[in-house]
Amino acid sequence: MNEKKPRRRKPTAEAMALRTQLSGLREALLQLHKALVESERASYEQTMGSVPSANHLLKLLTDDPWFAWFHPLSLLIVGLLSGVLSNTGTAAVLIPVVI
């Protein structure tokens, strides 16, 4: 029972260019996200007190309403990463939405 695996097609030049654009966009968004987290952490600590560890900050980022506005940006970054890593073309749908 030798099942043949479907052959992966070689990406087109257009697909490669799109992947490069998505990768660049993802990197820029990661830098923005990091700067926003650092800034918002400072504001949070001035108002609410010290954040004792990186794990505690991660918990705040995922659960605390103070940081809820980060969720859409985080989801966008994750979506871009999964699109860049996959060959499904799903990330191509995100480009017009983002731009």
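The values are calculated or read from the model by the stated rules, or taken from the named source; none is laboratory data. Here the structure is a predicted model, which means the values were calculated and not measured. Here Cβ is always computed from backbone atoms with ideal geometry, including for glycine, and neighbour counts include all displayed protein chains. Remember, those area values only see protein heavy atoms, side chains included, never the ligands or the DNA or RNA. Shrake-Rupley method; radii C 1.70, N 1.55, O 1.52, S 1.80 Å.
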Q.
Testing residue 74 on (1) in a helix (DSSP H, G or I); (2) of a type outside the set (A, V, I, L, M); (3) over 27 Å from residue 25 (Cβ atoms), one condition comes back false. Which one is that?
A. (3)
Q.
Can you tell me how many residues within segment 48-59 are assigned to a helix (DSSP H, G or I) and either surrounded by 10 or more Cβ atoms within 10 Å (Cβ to Cβ) or of a type in the set (A, V, I, L, M) (or both)?
A. 6
Q | Selection from segment 1-47 of residues that are closer than 19 Å to residue 71 by Cβ and open to solvent by 100 Å² or more (accessible area, probe 1.4 Å) | A | 31, 34, 38
Q. Residue 88 passes all but one of (1) modelled with pLDDT under 85; (2) part of a loop (DSSP other than H, G, I, E, B); (3) surrounded by 13 or more Cβ atoms within 10 Å (Cβ to Cβ); which number fails?
A. (3)
Q) Restricting the search to segment 38-72, which residues are closer than 25 Å to residue 82 by Cβ and either among the basic types (Lys, Arg) or in contact with a Leu (Cβ under 7 Å, 6 or more places away or on another chain) (or both)? A) 59, 67, 70
Q: Tell me, yes or no, whether segment 73-80 has at least one residue that is open to solvent by 70 Å² or more (accessible area, probe 1.4 Å), without any contact (Cβ under 8 Å) to a residue 12 or more places away in the chain and of a type in the set (A, V, I, L, M, F, W, C).
A: yes
